[in-house]
Structures are given as C-alpha cells and as structure tokens.
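Nothing in this text is a laboratory measurement; each read-out follows from the coordinates by a stated rule. Fair warning: this is a prediction, and the values are worked out from it, not measured in the lab. FYI the Cβ positions are ideal-geometry reconstructions off the backbone, even for glycines, and counts take in every protein chain you see.
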Amino acid sequence: MLVEDNIIIAIGSWLEVATRKAEDTLLVDVNGKTILPGFNDAHIHVWKIGQLDSFIIDLRGVESITKLQQRVKEVVSSVPSGAWIVGRGFNELVLAEKRMPEKEDLDAISIQHPIYLIRTCAHIAAVNSLALQMAKITTATLSPDGGVIGKKANGELTGIFYETALGLITNHIPPPTMQEYQNMIQLASKKLLRYGITSATDPAVHPELLEAYHDLNRNDKLVIRLNLMPVLLPDGGHKPYPVPEKFETNFLTVNTVKFFSDGGLSGKTAATTRPYLNSTDTGVLRLDHDYFLSLAREAQQKGFRIATHAIGDKALDLVIDVYKELHTLFGNTRNRIEHFGLPSDRNISDVAAFGLVAVPQTIFLNELGENFISALDDEYLKRCYPVRSLLDRNIPVAFSTDAPVVKNINPWSGIKASVTRKTSQGNVISPGESVSVREAIYAYTMGSAYAEGKESVKGSLTPGKVADFIMVDKNPLTIPVEELDSIQVESVYIDGKCVKFND
C-alpha cells in the first residue's frame with residue numbers, strides 16, 4: 001500500500017506499487033501481519049467514557065447494594081458536605097438484591113451530600129433525600145412529558161427517576177467546566193486509539209460540550225476523527241436548543257442532530273407494543289409525533305440529517321412514520337435510527353424502502369443479554385437486534401458500542417458477539433440473526449463511514465481514501481471465532497502517520 005501525504009495512492013503487489021514510490025518514500029515491512037481499516041464506532045459517548053474513567057464513580061460490576069454503598073462511601077469521605085456525588089454503571093440484575101437502589105439506600109451512604117447514581121443505561125437514576133430536597137421534588141411534583149418520577153403505592157417518592165425526569169435532578173448538578181470536558185474527550189480518545197478506533201460518533205452533544213469539541217479542533221488537539229450529533233431537546237425541559245451550524249473539517253463533522261424516542265431495553269424503558277415479562281409496563285415513549293416532526297423538519301431544512309434513538313417497536317413505529325413524512329418533503333437524506341433493538345417485520349421493510357440507516361450495538365447481547373432474556377417474551381427475543389435480517393434486506397448497518405452503557409469498547413468483542421450472539425452466561429439470543437466475521441468488520445468500518453456520509457473518504461483500504469488503518473497480530477478471517485477478542489492492535493495510523501496510543 002502506497003500512501004502520499006494522507007491519502008492511499010495505490011494498493012497491489014510489490015512490483016505494482018514500487019514503481020510509483022519516490023526515492024525518499026519511507027518503507028515499512030509489517031512482516032505478514034494483518035492490515036485493516038481503522039475501526040469507526042458509530043455511536044459512542046466519547047466524553048462520558050473520559051468522565052467515567054476519571055471524574056465520577058465507576059459502579060460497573062458492583063454485585064450488591066451493600067458493595068455499591070461501600071464504593072460510594074469511599075469517595076464521600078473526601079468530599080466536602082453539600083457537594084454532589086455522582087456515579088454510574090450499576091445494573092440491578094447483577095445486584096444480589098435484584099432491585100434498584102432507592103433513596104433510603106443512598107441516605108445510608110450520606111445525608112450531607114446530594115447523591116445521584118445513574119444506571120448503566122443512563123435512562124434511569126437513583127437519588128437520596130438531600131438530592132430530592134435540593135431539586136425541590138415532592139410527592140406533588142408532576143412527571144414531565146416522556147419521563148417518570150418513581151413513587152411507591154402509597155405515593156411516597158422512591159428516589160428513582162426515569163427518562164426525561166432525570167433532567168429535574170441534573171439541572172441542579174454543577175456541569176463540568178470547558179477544560180474538564182476537554183480533558184474527558186482527550187482521555188477517551190486515547191483509550192479508543194488503543195483499540196484501533198480511528199473514528200467515532202458522539203451521539204448526544206449539548207451546546208457547552210459542542211463548544212468544547214470546537215475549541216479542541218481549532219487548536220489541533222483532536223487525535224481521532226469525530227462526528228458529533230447535537231441534541232435538540234434537553235432532558236427535563238420543553239424548550240429546544242437552537243439548531244447549530246453545520247461544520248466539517250478533517251477531524252470534526254457536525255451534520256446530524258439527535259432525538260430520543262424511548263428508553264433502554266435492559267432497564268425496561270424502551271417503548272414496546274406488548275408488556276415486558278411479568279409486568280404490565282410497556283416502557284416510556286419520549287416524543288410527541290407532531291412536535292418531533294416540526295423540530296426534525298426545521299433541522300432538515302437547514303441541511304441536517306436526523307438520528308433518533310429508538311429501541312422498542314412502539315418507538316420505531318413513531319420514528320419511522322416521521323421519517324416517511326420527512327422523506328416526502330426532503331427525499332432520501334439518509335436519516336439514522338440508533339439502536340433498532342426490537343423492530344417488527346414492517347419496520348424492517350420500511351427502513352429498506354426509505355433508505356434509512358440502522359445503528360445497532362451487538363455488544364449489548366453479551367453484556368446486557370441476560371437482562372433481555374429476563375425482560376422479553378420469546379417473540380421479542382427472536383427479533384432482538386436482528387442484524388442478519390437487516391443485511392439480507394440490503395439495509396446499511398453501522399456497528400458501535402454505545403459505551404459507557406457497556407464497559408467493553410473493544411470492536412473485536414462486538415464483532416464476536418455479532419457472530420456468536422452469546423450472552424455473558426453463554427446463552428444464545430436469536431442465533432438465526434448471526435452474521436459472518438467479514439460482514440461484522442465491514443459494519444464496523446464501511447458501514448459506519450456510510451452512516452455519517454463519509455463512505456467516499458474513509459472506511460476501506462482504497463486508493464483515494466484517507467490513510468487510516470491498523471495493524472493487528474492475528475488474521476480475524478482465519479482464527480476461531482471464540483478467539484476474536486484476543487486480537488491485539490499493534491499499530492495505528494491516521495493520515496498515514498503512526499499514532500502513539502500506549503503512553
């Protein structure tokens with residue numbers, strides 16, 4: 001492969017390529033190692049990865065409410081009274097108590113600090129009594145549209161908040177500074193590089209965070225290519241943010257806006273047409289059709305594409321109906337559906353017919369699959385993240401992790417999960433939706449490039465595209481599938497330059 005400046009010029013045999021090299025061309029012999037396009041995580045909350053690694057309490061993997069309390073207490077002891085304590089990552093299914101922590105559990109940690117602990121999905125959170133007091137939440141407070149304030153049968157507050165109701169609390173938590181946002185972004189970007197991720201889409205960017213990204217770009221401090229999706233509707237508020245300016249440089253793109261139509265599947269807030277197992281609950285629908293259409297239409301008129309979080313079939317029905325109306329007005333603008341967790345056959349047919357892009361996360365099957373099994377009936381499980389059905393209908397698919405919803409950001413783990421469809425306990429979810437290793441790699445490279453409208457620029461080792469590629473220690477097409485997540489990235493190149501990622 002011959003690279004000139006930052007572009008791949010030629011690929012072929014040594015005899016074919018050597019005739020085109022200059023006298024001062026740097027020669028690199030990779031000694032038979034495998035070269036692949038850089039991975040592109042199409043939906044990963046970049047700054048939140050940095051935040052969870054260094055700025056808030058990481059609760060992923062805690063096995064009981066007692067251990068959760070212990071971990072938070074370790075931090076509380078060094079924090080002044082009155083300061084907010086924030087953590088994220090617990091999953092009630094793996095807690096010994098098999099339930100959400102409530103305000104009394106958090107009061108036992110501290111009544112001098114407001115505490116806000118976010119479930120792994122980031123669609124549900126628990127708070128203590130002081131946090132309720134500081135946010136002025138009482139039993140008389142009404143739940144906002146698209147959200148729920150948790151209450152017991154007697155009307156007492158549980159301290160649990162769902163979906164847009166989270167904003168009633170977060171609006172009272174001091175936000176990070178510009179420098180802190182930038183530190184989070186830079187920490188996360190270096191972490192992504194270690195896994196061979198050279199491009200990523202941050203799918204929920206508010207105005208302050210957007211400015212932090214722009215400032216890093218102005219000062220040439222972005223180390224991976226980033227595609228940003230500004231959100232238009234903040235949690236806990238009815239007034240939308242203004243549609244931002246479109247923007248594009250080599251390392252930063254802003255051409256898509258983001259909406260949330262429902263919640264998360266593992267926390268049973270995704271909006272479904274049938275109740276979850278052993279429940280009468282059908283999740284939370286966060287968007288009103290007419291309001292959603294008006295905001296999306298305004299953004300499309302300004303040249304933006306639309307991406308919408310939609311997991312349950314009820315939410316997918318709503319989003320696809322709006323997208324159909326947008327298609328009538330603007331043609332095929334390649335709008336995206338983030339997650340696409342439980343589509344009906346009609347949903348899949350409509351996505352194929354109207355040129356929409358699906359952005360699922362197969363790593364969910366591994367890390368959150370046991371939650372799915374406990375929450376969904378057999379019919380829903382059969383069509384849970386149905387990647388094979390999407391590819392068979394020639395629907396563009398882009399792979400991603402949605403981290404830090406999951407802890408594992410290694411693309412090889414997501415690729416392995418898309419092939420085996422195994423949960424962390426070895427159970428298999430809808431094996432007929434398995435894809436090949438080659439198809440999965442394509443979804444993590446070209447598929448993701450297509451999802452952000454950059455398939456002519458990156459995503460494959462092709463003359464004319466940017467020289468973003470990785471060298472790995474094993475050939476993924478020849479090793480056993482169970483060994484895929486053992487593959488190690490040895491070198492990362494962006495714009496044809498070897499990038500350090502181990503320091």
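Some values worked out for this structure:
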{"quantity": "Least to most buried among Phe330, Phe90, Phe372 (fewest other Cβ within 10 Å first)", "calculated": "Phe330, Phe372, Phe90"}
{"quantity": "Difference of contour (0.36 nm per residue) and Cα-Cα distance, His238 to Glu490", "calculated": "85.9 nm"}
{"quantity": "Ser436-Ala83 FRET efficiency (beta carbon distance; Förster radius 51 Å; 0.05 resolution)", "calculated": "0.50"}
{"quantity": "For Tyr444, Tyr323, order by how many other beta-carbon atoms lie within 10 Å, fewest first", "calculated": "Tyr323, Tyr444"}
{"quantity": "Using θ = phi - 60° and Karplus 6.51 cos²θ - 1.76 cosθ + 1.60, couplings along region 466-476 (whole Hz; Gly, Pro as x)", "calculated": "5, 8, 9, 8, 10, 10, 10, 8, 9, 8, x"}
{"quantity": "Computed label-point distance, nm, for sites Trp14 and Lys136 using a 7 Å Cα→Cβ extension", "calculated": "7.5 nm"}
{"quantity": "5 angstrom amide H check on Glu490, placed H, neighbours 5+ away", "calculated": "Met471, Val472, Asp473"}
{"quantity": "Footprinting exposure proxy for Val428, Val72 (fewest neighbouring C-beta atoms within 10 Å first)", "calculated": "Val428, Val72"}
{"quantity": "Karplus-derived 3J(HN,Hα), 6.51/-1.76/1.60, for each residue of region 270-279, Hz, glycine and proline x", "calculated": "5, 7, 10, 8, 10, x, 5, 4, 6, 7"}
{"quantity": "Full-extension gain in nm, Ala353 to Arg297, via 0.36 nm per residue minus C-alpha separation", "calculated": "18.1 nm"}
{"quantity": "Which listed pairs, of Lys314/Lys422; Lys239/Lys268; Lys221/Lys416; Lys302/Lys454; Lys302/Lys324, have C-alpha distances above 21 Å, in listed order", "calculated": "Lys314/Lys422; Lys239/Lys268; Lys221/Lys416"}
{"quantity": "The chain: radius of gyration over Cα atoms, expressed as a fraction of 2.2 N^0.38 Å", "calculated": "0.97"}
{"quantity": "DSSP-assigned coil residues among trypsin sites (Lys or Arg not before Pro) in region 154-237, each with at most 11 further Cβ atoms within 10 Å", "calculated": "none"}
{"quantity": "Relative contact order %, region 56-170, counting alpha carbon pairs below 8 Å whose residues are six or more apart", "calculated": "22 percent"}
{"quantity": "Residues whose placed amide H lies under 5 Å from that of Phe90, excluding near-sequence neighbours", "calculated": "Leu59, Thr120"}
{"quantity": "Restricting region 110-153 to trypsin sites (Lys or Arg not before Pro) in coil, as DSSP defines it, with at most 13 other Cβ within 10 Å", "calculated": "Lys136, Lys152"}
{"quantity": "Region 186-295: GluC sites (Glu not before Pro) falling in loop per DSSP and having at most 12 other Cβ within 10 Å", "calculated": "Glu245"}
{"quantity": "Inter-label distance, nm, simple model (7 Å from Cα along the C-beta direction), Ser279/Glu248", "calculated": "4.1 nm"}
{"quantity": "Nearby aspartates and glutamates by direct alpha-carbon distance to Lys497 (threshold 12 angstrom, same-chain neighbours under 8 apart not counted)", "calculated": "Glu4, Asp5, Asp468"}
{"quantity": "Pairwise Lys count, region 56-170 - Cα closer than 20 Å, eight or more residues apart or different chains", "calculated": "10"}
{"quantity": "Under-5 Å amide H pairs with Phe260, H placed in peptide plane, nonlocal only", "calculated": "His309"}
{"quantity": "The chain, relative contact order [Cα under 8 Å, separation at least 6], %", "calculated": "17 percent"}
{"quantity": "Relative contact order (%) - criterion: Cα under 8 Å, at least six apart; region: region 171-322", "calculated": "19 percent"}
